[in-house]
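J.: Structure incoming, see below.
The values are calculated or read from the model by the stated rules, or taken from the named source; none is laboratory data. All values reported here derive from a predicted model rather than from experimental measurement. Note that each Cβ is placed from the backbone with ideal geometry, even for glycine, and that neighbours are counted across all protein chains shown.
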Amino acid sequence: MLTLDYEKPVSPATTFGTRNACVEQADWDDSRDDPMALSELESRVREGLRAGEFHLVFQGAYRTASGALARLEAQVRWTHPDYGLLLPGIFMMPLEHPQVAREMALFAIDGVCRELRDCLSAKMALLPVAMTVPAQVAVLESFADDLTRIARSHGVPVNLLDIEVPDSADAARLLSLRTLTDGLRSAGAGISLGKWGNGASSLALLGALDVDTVTIAPELMAAVPRDPRACMVISALLDLLHALDVQVVVNGVETQAQLQWLSTWPEALVQGFLFSRPKAGLASALALSRES
């Protein structure tokens, strides 16, 4: 059995080139319609997907009031044959090529649906599973079709899937246009905005976003509750999001003091190492109670 330490990943920051050093695209069907070349990293990511080097882990989000598991997040990990375990920050953010980003998203969806199918077969009680998808992929009409097709192929209800778009200026603009989210809505999937609050998008667009859930960036919780000004910021954000009637996931909850401070917002969900660390296997994550 493969055992991985998810707390100590290798970080080969200078291993791969950027888009300035590209390799020629070679073997995907729609290359004539896409003149972009693959960066060295994107080419290697594509090879890794085909070689089975990527896998999923799952981390829970828990109800502040009761500590009950309410939602899961699927996270991609890369076990590189030379550099060991790589976290998404190493390989996800530079994926600018739309085809590679799409392939990564479909890999995650297929993996989540496979594990949901097995949990359904085992008659386990299921919860929504969020997975990160770049905004430019999530709003494609073909992506909603792919999502529905994959879920149906595994016999999984689409309403168990939550598409989480990482916060950015572009993401906020796209998610504020209902015509672009109609496909996901028609399919029955949830829509989330992830890592919100670190300054990437405009606050002016928040009220227009077509999202069910907002996940607050962990950086905002780092100084809570010891710093009164940090407490004022997160308090205002929680009140604002609650008033907008969206579910809130507070990421980065690491201490009992932080959890106690958040008890003022019992409807919020909390996620962090205080509750659980990412685990391989959806069934294991579903069965996991809060860690002491």
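J.: Given the options ALA125, ALA101, ALA108, name the one that is over 21 Å from VAL156 (Cα atoms) and aliphatic (A, V, I, L, M).
T.: ALA101 is the lone residue from the list that is over 21 Å from VAL156 (Cα atoms) and aliphatic (A, V, I, L, M).
J.: Additional query: Does region 65-73 include one or more residues that are closer than 16 Å to ASP110 by Cα, among the acidic types (Asp, Glu), buried (at least 18 other Cβ atoms within 10 Å of the Cβ) and at pLDDT 95 or above?
T.: Taking every residue of region 65-73 in turn, at least one turns out to be closer than 16 Å to ASP110 by Cα, among the acidic types (Asp, Glu), buried (at least 18 other Cβ atoms within 10 Å of the Cβ) and at pLDDT 95 or above.
J.: Could you tell me which of the residues VAL249, VAL214 is in contact (Cβ under 8 Å) with a residue 60 or more places away in the chain and either within 22 Å of ILE191 (Cα to Cα) or in contact with a His (Cβ under 7 Å, 6 or more places away or on another chain) (or both)?
T.: One residue alone meets the criteria, VAL249.
J.: Checking ALA130 against (1) outside any loop (DSSP other than H, G, I, E, B); (2) surrounded by fewer than 22 Cβ atoms within 10 Å (Cβ to Cβ), only one condition comes out false. Which one?
T.: Going through the list (1) outside any loop (DSSP other than H, G, I, E, B); (2) surrounded by fewer than 22 Cβ atoms within 10 Å (Cβ to Cβ), ALA130 breaks only (2).
J.: Right, here's the next one. Hey, ASP146 hits all of (1) more than 19 Å from LEU238 (Cβ to Cβ); (2) touching a strand residue (DSSP E or B) at 6+ places or on another chain (Cβ under 7 Å); (3) surrounded by fewer than 22 Cβ atoms within 10 Å (Cβ to Cβ) but one; which does it fall short on?
T.: Against the list (1) more than 19 Å from LEU238 (Cβ to Cβ); (2) touching a strand residue (DSSP E or B) at 6+ places or on another chain (Cβ under 7 Å); (3) surrounded by fewer than 22 Cβ atoms within 10 Å (Cβ to Cβ), ASP146 comes up short only on (2).
J.: On to the next question. If a residue must be over 13 Å from the mean Cα position of the chain (by Cα) and under 13 Å from PRO166 (Cα atoms), how many such residues does region 102-138 contain?
T.: 2
J.: Can you tell me which of (1) aromatic (Phe, Trp, Tyr); (2) closer than 30 Å to LEU56 by Cα; (3) in contact (Cβ under 8 Å) with a residue 24 or more places away in the chain is the one TRP265 doesn't meet?
T.: The failed condition is (2).
J.: Let me ask something additional. Are any of the residues in region 141-163 touching a Phe, Trp or Tyr at 6+ places or on another chain (Cβ under 8 Å) and either more than 26 Å from LEU240 (Cα to Cα) or of a type outside the set (Phe, Trp, Tyr) (or both)?
T.: No, region 141-163 contains no residue that is touching a Phe, Trp or Tyr at 6+ places or on another chain (Cβ under 8 Å) and either more than 26 Å from LEU240 (Cα to Cα) or of a type outside the set (Phe, Trp, Tyr) (or both).
J.: While we're on this one: For residues that are in a loop (DSSP other than H, G, I, E, B) and crowded, with 18+ Cβ neighbours inside 10 Å, tally how many sit in region 107-126.
T.: Adding up the residues that qualify gives 0.
J.: Being in a loop (DSSP other than H, G, I, E, B) and hydrophobic (A, V, I, L, M, F, W, C) is the requirement here; does ALA283 meet it?
T.: no
J.: Same structure again: Right, GLU7: among the charged types (D, E, K, R) and either modelled with pLDDT of 90 or more or touching a strand residue (DSSP E or B) at 6+ places or on another chain (Cβ under 8 Å) (or both) or not?
T.: Criteria not met by GLU7.
J.: May I ask you to say which residue of ALA230, ALA208, ALA187, ALA200 is touching a Ser or Thr at 6+ places or on another chain (Cβ under 6 Å), within 19 Å of VAL250 (Cβ to Cβ) and of a type in the set (Gly, Ala, Ser)?
T.: Exactly one of ALA230, ALA208, ALA187, ALA200 is touching a Ser or Thr at 6+ places or on another chain (Cβ under 6 Å), within 19 Å of VAL250 (Cβ to Cβ) and of a type in the set (Gly, Ala, Ser), namely ALA200.
J.: Taking the condition hydroxyl-bearing (Ser, Thr, Tyr), surrounded by 14 or more Cβ atoms within 10 Å (Cβ to Cβ) and assigned to a helix (DSSP H, G or I), does SER276 pass?
T.: Answer is no for this residue.
J.: Now a separate question. Can you name every residue in region 82-134 that is hydroxyl-bearing (Ser, Thr, Tyr), over 21 Å from LYS195 (Cα atoms) and in contact with a strand residue (DSSP E or B) (Cβ under 8 Å, 6 or more places away or on another chain)?
T.: The answer is none; no residue qualifies.
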